[in-house]
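Have a look at the structure below before the remarks.
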Amino acid sequence: METKVMGVVGSGQMGSGIAQLAAVVGIEVWLVDTDSSALNSATKSISNSIQRFVSRAQLSQEAGKDAMNRLKCTQDLEELRDADVIVEAIVESEDVKKKLFLELDRIAKVSAILASNTSSISITRLASATSRPRQVIGMHFFNPPPIMKLVEIVRGADTSNDTFTKVKALAERFGKSVVCSQDFPGFIVNRILMPMINEAFYALYTGVATKEDIDTGMKLGLNQKMGPLELADFIGLDVCLSIMKVLHSGLGDPKYSPCPLLVQYVDAGRLGRKRGIGVHSYGKEPEPVKSLARL
């Protein structure tokens, strides 16, 4: 059956973007967050994003208005009891996600699919917190969800073919291309991307080159839109560190050990664009952080 009602838990950039996608294609959406101010910000963000699509003639004014009317915000998880699919888009912590999945399993109707937007955490382990492991799946969107064309679908050990088929159809309804990964740490994209970003931090840490030259070299040499350090700032250094820890613990190979400089930046609160400062500065003066070459 086609998805008619969808829940999204977490109203940050990823959650609000996923909710927008659903509302635009005609799905009734409940966006859930414990923080009312975050919900207000998400509603404004979604409205502004939809208006940009309208101004570019990629969406009619009427369709944009209808999409906003299909969006409902709440702080109460119980509102998700009639959802056909619920997508979790909260903090990248296995313990926190498991607690949420336990609660969603209690609230959601028997037929509901529980999906996680996790970028690296085991779907099999998240599913183990529920009584419906066959209906748990990874649905990893990329930032920002309304723009990026890819959805990475991750099957847990017990994910059914029916669940996979329904979630793949939903992603394609959103206009996305789908790749499918087995449930290994980092899945496809982050298994390859994060070690590259981590190595860029090591290059900076050991004084191989400046941050500007590292980014310029990768942009012009490999025709990438962003250099790895700039991309890390865009993703969030805390997210990058979290994924590297998952890779390191899950695969047990020292080559996935997070660079000490990445750890130091996160400890200092230099998380990237969302904080105004990461490797690069975005309107905030950077505090000095020593590289190995200066020690």
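General remarks:
- The residue pairs whose first member lies in the range 271-295 and is modelled with pLDDT under 95, whose second member is of a type in the set (S, T, N, Q) and open to solvent by 50 Å² or more (accessible area, probe 1.4 Å), and whose beta carbons are closer than 8 Å, counting only pairs six or more residues apart or on different chains, are Val289/Gln264; Ser291/Thr206; Leu292/Thr206; Ala293/Thr206.
- Scanning the range 212-248 for residues that are without any contact (Cβ under 8 Å) to a residue 12 or more places away in the chain and within 21 Å of the chain's Cα centre (by Cα), we see that the one that is most open to solvent (accessible area, probe 1.4 Å) is Lys225.
- Within the range 92-110, residues that are under 26 Å from Ile243 (Cα atoms) and touching a residue at least 24 places away in the same chain (Cβ under 8 Å) reach partners that are in a loop (DSSP other than H, G, I, E, B) and among the hydrophobic types (A, V, I, L, M, F, W, C) with beta carbons closer than 6 Å, at six or more positions or on different chains, in the pairs Glu94/Ile121; Lys98/Ala129; Phe101/Ala129; Leu102/Ala129.
- Those residues of the range 1-20 which are closer than 11 Å to Leu71 by Cα, open to solvent by less than 20 Å² (accessible area, probe 1.4 Å) and either without any contact (Cβ under 8 Å) to a residue 40 or more places away in the chain or β-branched (Val, Ile, Thr) (or both), in sequence order: Val8, Ser16
- The single residue among Thr165, Thr159, Thr124, Thr118 that is surrounded by fewer than 19 Cβ atoms within 10 Å (Cβ to Cβ) and closer than 30 Å to His248 by Cα turns out to be Thr124.
- Residues considered: Glu92, Glu103, Glu79. Of these, the only one that is over 20 Å from Ala22 (Cα atoms) and either in a strand (DSSP E or B) or modelled with pLDDT of 95 or more (or both) is Glu103.
- Test: residue in the range 21-44 that is closer than 29 Å to Ser242 by Cα, crowded, with 19+ Cβ neighbours inside 10 Å, in contact with a Phe, Trp or Tyr (Cβ under 6 Å, 6 or more places away or on another chain) and of a type outside the set (Lys, Arg): yes
- Close pairs from the range 48-66: first closer than 10 Å to Val24 by Cβ and assigned to a helix (DSSP H, G or I), partner open to solvent by less than 40 Å² (accessible area, probe 1.4 Å) and among the polar types (S, T, N, Q), Cβ under 8 Å, at least 6 apart: Ser49/Gln20; Ile50/Gln20
- Taking the range 141-156 as the range and being of a type in the set (A, V, I, L, M) and crowded, with 16+ Cβ neighbours inside 10 Å as the test, the residues that pass are Val151, Ile153, Val154.
- Lys72 satisfies every condition listed in (1) assigned to a helix (DSSP H, G or I); (2) open to solvent by 70 Å² or more (accessible area, probe 1.4 Å); (3) within 14 Å of Met6 (Cβ to Cβ) except (1).
The values are calculated or read from the model by the stated rules, or taken from the named source; none is laboratory data. Being a predicted model, the structure only gives us computed values, none of them experimental. Note that each Cβ is placed from the backbone with ideal geometry, even for glycine, and that neighbours are counted across all protein chains shown. Heavy atoms of the whole protein, side chains included, go into the accessibility calculation; ligands, DNA and RNA do not. Shrake-Rupley method; radii C 1.70, N 1.55, O 1.52, S 1.80 Å.
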